[in-house]
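The values are calculated or read from the model by the stated rules, or taken from the named source; none is laboratory data. All figures in this text were calculated on a predicted structure; none of them were measured in a lab. Neighbour counts are summed over all protein chains in view; Cβ atoms, including those assigned to glycine, are modelled from backbone coordinates with ideal geometry. Each accessible area value is taken on the protein alone, full model and side chains, heavy atoms only, with ligands, DNA and RNA left out. Shrake-Rupley method; radii C 1.70, N 1.55, O 1.52, S 1.80 Å.
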Amino acid sequence: MVSAGKVSSRKNVRPLSNEQVQKLTARHVCVDSTYDLPTGPRRINTREVNAQNPKATARLLAGVSHVLRHRMKLKVWGLERVPEDGVFITAATHVTQFDVFVPMMSLFHQGRRPRYMAKAEMAHWPVIGKWFQLVGMQPVERHKGKAQAIEEESIEILTSGRPLTVWPEGTVTRDPGRWPMSLKSGPAHIALEASRRLGYMVPLHCSVTWGAASINHFWPWPRKNVVMCFDNPLPYTDLLTDAQSWGQEPPRELVRELTNRIRQRMENIMAEIRGEEPPAEGLWDYRTMSRRPRPELSADVSLEALPD
C-alpha cells in the first residue's frame, strides 16, 4: 500500500511527446481552445453569457487564456460536440490544477457558461477566488456531510436549464501514474436524478486532459504539449428504463454502474491520449490508497463504442 504522503511526492511525469501529438492530430481534428470559437462559427448562447457577470467572466477568460497559451501547446478535439443550447454535464479528469481551467476555458470559448462544482477553498483564494464565484462556481464544502444538499443544488442547476461541469474524482488524482482514480458517486446521482426529472437522458460528456503534469511552473519553457478530448455523450439510457419507479432517489446499484462507466471511459480516453496502457493491476482506490480490480460494466464503453 502507498500512503497519501508518498503519493503526493511523485516526480514529474514524462512530457507528452511531439510524436504522440502528431498521431492524435492525424486521427482527430484538433484545435487551440485558448481563442474564441475554436471549431468555427457557431451560435453563442447569449442568455447564459449575459446571465453570468459578462464583464467579470470576460476578464477571467482573457486572463486564463493568456496564461495557458504561454504555459502549454494546447490541442483539443471534440469541442464541436458542445451543444449550443440545452443542458449537459461535463465530467472532467483532475490530474493537476490546470485541469480545472482547461475544460472551463474551452467551454467558455465555445459560447457556453456552465456552472461548475469546485472545492470551497478556491473561493477564498486571493483575488481570483472572488472571480471564481462571479463566473459560476458552485462551492463544494468537503468532509462536512453536505453531499445531499450539494447534489440537490446541482440537480436544480440542470433542471433550470444551465449546464454543469464536475470533477468526479473530488480532488487531484492520487494514482501514482496519474490515471483516473476511483470517483465520487455524486455526479452519477446528479445525472440520473436530473434525467428523471427532465424526462430525458441529460447528455454526459467526459472531458480528459493530459500533459500539464509535466509543466514546471517556475520555468515553463519550452512549452509542453497538453491535449484534451471532449467526448461523445456517454450512453446510459438503459439505466433510466424504470426511472419513474425509483422512489425518492436513484437506486445505489444504478449510481454505482454509471460511476464506473464514467471512470472507465475517462481511463480509455487517457490511454489513447498518452499512447500507453493503464495499470493491469486495476484502478487506484482513494479510500485504501491501493489498487483494486476494475469492476465489470453492464455496457461497453470502450474506445470503439462511440464513433468520433
| remark: Within region 250-275, of all residues that are surrounded by 14 or more Cβ atoms within 10 Å (Cβ to Cβ) and of a type in the set (Asp, Glu), the one nearest to Leu204 (Cα to Cα) is Glu257
| task | May I ask you to say which residue of Thr288, Thr259 is over 21 Å from the mean Cα position of the chain (by Cα) and either at pLDDT 95 or above or in a loop (DSSP other than H, G, I, E, B) (or both)? | result | Thr288
| Selection status of Ser214, under 27 Å from Ser106 (Cα atoms), surrounded by fewer than 18 Cβ atoms within 10 Å (Cβ to Cβ), polar (S, T, N, Q) and touching a residue at least 24 places away in the same chain (Cβ under 8 Å) | yes
| query | Just a yes or no: is a residue in region 187-200 surrounded by 14 or more Cβ atoms within 10 Å (Cβ to Cβ) and under 30 Å from Gln22 (Cβ atoms)? | reply | no
| task | Answer with yes or no whether Leu37 is farther than 17 Å from Lys73 by Cα, open to solvent by less than 80 Å² (accessible area, probe 1.4 Å), at pLDDT 95 or above and not polar (S, T, N, Q). | result | yes
| Complete set of residues in region 224-240 that are open to solvent by 10 Å² or more (accessible area, probe 1.4 Å) and farther than 19 Å from Pro187 by Cα | Lys224, Asn225
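Yes or no, residue by residue, for (1) touching a strand residue (DSSP E or B) at 6+ places or on another chain (Cβ under 6 Å); (2) surrounded by fewer than 20 Cβ atoms within 10 Å (Cβ to Cβ); (3) touching a residue at least 12 places away in the same chain (Cβ under 8 Å); (4) among the β-branched types (Val, Ile, Thr):
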residue	(1), (2), (3), (4)
Ile44	no, yes, yes, yes
Pro54	no, yes, no, no
Ala58	no, yes, no, no
Val64	no, no, yes, yes
His70	no, yes, yes, no
Val82	no, no, yes, yes
Thr93	yes, no, yes, yes
Pro114	yes, no, yes, no
| request: Kindly list the number of the only condition in (1) hydroxyl-bearing (Ser, Thr, Tyr); (2) closer than 15 Å to Ala191 by Cα; (3) open to solvent by less than 10 Å² (accessible area, probe 1.4 Å) that fails for Thr209. | output: (2)
| field | Filter result for the condition that a residue is at pLDDT below 80, touching a strand residue (DSSP E or B) at 6+ places or on another chain (Cβ under 7 Å) and open to solvent by 10 Å² or more (accessible area, probe 1.4 Å), over Arg174, Arg142 | value | Arg142
| Do we have Arg10 as modelled with pLDDT under 90 and not hydrophobic (A, V, I, L, M, F, W, C) here? | yes
| said: Restricting to region 155-172, name every residue that is of a type in the set (A, V, I, L, M, F, W, C), part of a loop (DSSP other than H, G, I, E, B) and within 11 Å of the chain's Cα centre (by Cα). | reply: Trp167
